[in-house]
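Here's the structure we're looking at; comments come further down.
The values are calculated or read from the model by the stated rules, or taken from the named source; none is laboratory data. Because the structure is predicted, anything quoted here is derived from the model rather than measured. Counting neighbours? That spans all protein chains shown, and the Cβs are built from the backbone with ideal geometry, glycine included.
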């Protein structure tokens, strides 16, 4: 597929998501008015169990960085950090720094500065944006030295450039992608997802406007789809915990 890279040029990228049995990652109760446009905006749900959240933190504890889109960090009190002390200890046991690096993707550069993630300075934050987006967000973040802004394209983000830059300049060898659906779609379309951690929760939302694990453009042909193989599966109290690895093709 266009834009695909050899894994040695970029970080190992794992996607971690929880979804309903019908594939939704947001629902009606997660809607609220957009601060900028005063229109309905979908937000990531918290319908997963505490067990699923603990899995999220264990996954983060094995990663150099966490990456997500701006709608994800605007959906709640999210700091993208390692969590309680026991997970910081686990990071050290895994040979990693105490705190993971944080990457937030926004092509427009328009973000709510009141988001919790921007108030927490325990580790650097990179805002990955475009030249247009960089112009929009440089001034608001000027007083926050732990937040860096870098453009990876003029009006659209060059995903290959971004991922290679993260490995070369930020020493990110392993990274977890945590949504939302539009960002996931971009990574899937450019064959940048090596592993998937997926929790299927025993609840259904329905609704064609509710977000899914992969929204956006999608792929034009079935032959363009990245293939995955299930390598782990476990059912605990109605939740399915799955792990997939990408099937490498020539």
**OP:** Could you please give the count of residues in region 154-164 that are without any contact (Cβ under 8 Å) to a residue 60 or more places away in the chain, surrounded by fewer than 20 Cβ atoms within 10 Å (Cβ to Cβ) and either in a helix (DSSP H, G or I) or touching a helix residue (DSSP H, G or I) at 6+ places or on another chain (Cβ under 7 Å) (or both)?
**Re:** 3
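Against the condition touching a residue at least 12 places away in the same chain (Cβ under 8 Å), farther than 22 Å from residue 166 by Cβ and touching a helix residue (DSSP H, G or I) at 6+ places or on another chain (Cβ under 9 Å), how does residue 77 come out, does it pass? Outline the logic, then answer.
On the way: touching a residue at least 12 places away in the same chain (Cβ under 8 Å): yes; farther than 22 Å from residue 166 by Cβ: yes; touching a helix residue (DSSP H, G or I) at 6+ places or on another chain (Cβ under 9 Å): yes.
Considered against the rule, which asks whether it is touching a residue at least 12 places away in the same chain (Cβ under 8 Å), farther than 22 Å from residue 166 by Cβ and touching a helix residue (DSSP H, G or I) at 6+ places or on another chain (Cβ under 9 Å), residue 77 comes out as yes.
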Original post:
Given 169, 233, which one is surrounded by fewer than 17 Cβ atoms within 10 Å (Cβ to Cβ) and within 21 Å of the chain's Cα centre (by Cα)?
Top reply: 169
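Can you pull out every residue in region 210-224 that is in contact (Cβ under 8 Å) with a residue 12 or more places away in the chain and out of contact with any strand residue (DSSP E or B) (no Cβ under 8 Å at 6 or more places or on another chain)?
The initial filter retains those residues of region 210-224 that are in contact (Cβ under 8 Å) with a residue 12 or more places away in the chain, namely 210-219, 224.
Matches in region 210-224: 214, 215, 216, 217, 218, 219, 224.
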**OP:** Quickly run through region 193-209 and pick out the residues that are modelled with pLDDT of 95 or more and in contact with a helix residue (DSSP H, G or I) (Cβ under 8 Å, 6 or more places away or on another chain).
**Re:** 193, 194, 197, 199
Subject >> Where a residue in region 180-195 is on the phi > 0 side of the Ramachandran plot and in contact (Cβ under 8 Å) with a residue 12 or more places away in the chain and its partner, wherever it lies, is crowded, with 22+ Cβ neighbours inside 10 Å and part of a loop (DSSP other than H, G, I, E, B), with Cβ under 8 Å and at least six apart >> reply: none
Subject >> Out of 95, 81, 76, sole residue that is over 29 Å from residue 114 (Cβ atoms) and either in a loop (DSSP other than H, G, I, E, B) or modelled with pLDDT under 95 (or both) >> reply: 95
